[in-house]
Amino acid sequence: MNVPANSQPPAPSLLHEIWVRKWSVVAIAVLATGSAIYFTMQLPPSYAAESRVLVSSVEVAGSSSTTPSQPNMATEQEIARSLGVVRVVRERLDQRVPEDELIDDLSIENPDGTEILVLTFTYPDSGVAKEGAQVFAEEYIKLRRRGAVQSQLASAQEIQTEIAALTGELERIDRRIGSGASETVVTSLISRANLLTGLLVQRRQELLSLQTPPDVGELFQPAVVLGRAGPSYPRNASLALMLGFALGVAQAGLRGRLDDKLRSVEEAEPYLRSSALALIPSLPALDRKRSTTTVSPSAYTSMSEGFVPLRIGFLGAASRREATAFVVTSASAAEGKSTVTANLAISLARAGRRVTVICADPDKHRLEQILGARADIGLAQVLDGSVPLSEALLPSKIKNLSLLPCGRPTGGDAELSQSDAMESCFDSIRERSGFVLVDSPPLGDADAVSLLPLVDAVLFVVDARHMHARRLAIGRRQLDRLNANLLGIVFNRASPSVIRPEFSIAAAPSSA
């Protein structure tokens, strides 16, 4: 796949992040569910008791017609849980339950289309639960009756005042009639007296009706224990599972934003704006050999055949760019560049190409260990003029393959790597070889920077197990600043999850 130079890294979707971190999402959900079940087991059992009250319409007295006052059921629910009721209930329960718990343990419902209040009281003791439901219903009815009685008393007071006024006016009319008024006046007064007498009778009847206790409702279902109300294992576990899953998804999205680790070739290529030449699978057998001081090149000969796809891609890219000298580097240490350099060189040599490998990483001699040619004389001595190139350049046991070791440090290696002697040394080696592969330090090292102008292209090695967007982007910016020509990328130690079918190759070394 060719990656355009202006390609932008794709933004991972939330579904992608969830899939990548699916096991952490599952773990959080399971942990939340398990914790909910555990804490539910620690809770004492609770019991629910229920009572039902029929709320009656209260008639308003004091007028010629009595009008039913339909109860507002929402208001009645608030009255049933009001502080006045709660305090009386607490006293009747011998103050066994705090006021705030009483309110929390009480639930009131009004079935649709009815004037019924269903009062449910929950408590760890079934006896207290039943008593609480009964007392709440009784105290609600008492409070409502007290309110109705107070309304009756107020109406009776108003009627008595009106009766007194009517009686006084009748007495005044009676006196005027007996005072010898004219016949016309007497007739009018008698008519007025008859009207007042009728009103007086009506008001006295209303006053008599107010002596009857008001009908505010009845407790038509005394409290009964419904059974165990909790804790509910299925409900708590279900809620915890949903919450755990939501938290798992949230952490997956957050980690996706904070974690720049890349998990596939498709994700990594845009950051380097180049295509993969090959993917090298990990080989645990070679990882165990890393602890040895020397490794026989014969052990790598058969394994270098696994680099045939890399060799083919490398030769094609090098031919198109007419390149013969290459720096093999990486964004950071321990990416596997020495192993890639050695095995690519062996594969090219076995294919009949003349190859010279230069070890230019003085801090690590892994390349020399792989080829079994560690020497005190090498590049450092050639550059300071103490040893000619012909003596420092060593033939390997692989036909067509030569090695120029690092040599022992001279104390001025940084200056020597940037001297004219380095350029002259490179020119001489290129004349002797078909291909020159330079195993250099990572890009952040000054020696790597000094080598780039001397070669035609860069082969960039990436450890596929530890691909990070920021690190790769920084590596690409360093190459751009140095105007380096990137030949391609080699993904080393690649697991099956990042290997595309077109890059499927035999097992290859993974050590560096």
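The overall shape of the range 315-469 is rounded: from the C-alpha gyration tensor, with semi-axes ordered a ≥ b ≥ c, the ratio a/c is less than 1.5.
Taking packing as the residue-averaged number of other Cβ atoms within 10 angstrom, the listed peptides 215-224, 175-184 run from highest to lowest as 215-224, 175-184. Peptide packing: for 380-386, 70-76, the average count of neighbouring Cβ atoms within 10 Å per residue gives the ranking 380-386, 70-76, highest mean first. Taking the Cβ-Cβ separation of S82 and Y38 as r and a Förster radius of 35 Å, what is the calculated FRET efficiency to the nearest 0.05? FRET efficiency, S82 to Y38: 0.35. The simple Förster model, with R0 at 45 Å and r as the Cβ-Cβ distance, assigns E266 and M242 a FRET efficiency of 0.85. Over all directions, the projected convex hull of the C-alpha atoms in the range 157-217 averages 4.5 nm² in area.
Considering all C-alpha pairs of the range 339-411, those separated by over 15 Å amount to 49%.
For the listed peptides 446-454, 396-404, a ranking on the average number of other beta carbons within 10 Å per residue, highest first, reads 396-404, 446-454. With a Förster radius of 51 Å applied to the beta-carbon distance between R481 and L31, the computed FRET efficiency rounds to 0.60. Straight-line reach from K337: taking Cα to Cα under 28 Å and skipping same-chain neighbours fewer than 8 places apart, the lysines in range are K261, K289, K364, K397, K399.
Coordinate-derived values only; no laboratory data. The model shown is predicted, which means the values in this text are computed figures rather than measured ones. Every residue, glycine as well, gets a Cβ built from its backbone with ideal geometry; the counts of neighbours run over all protein chains shown.
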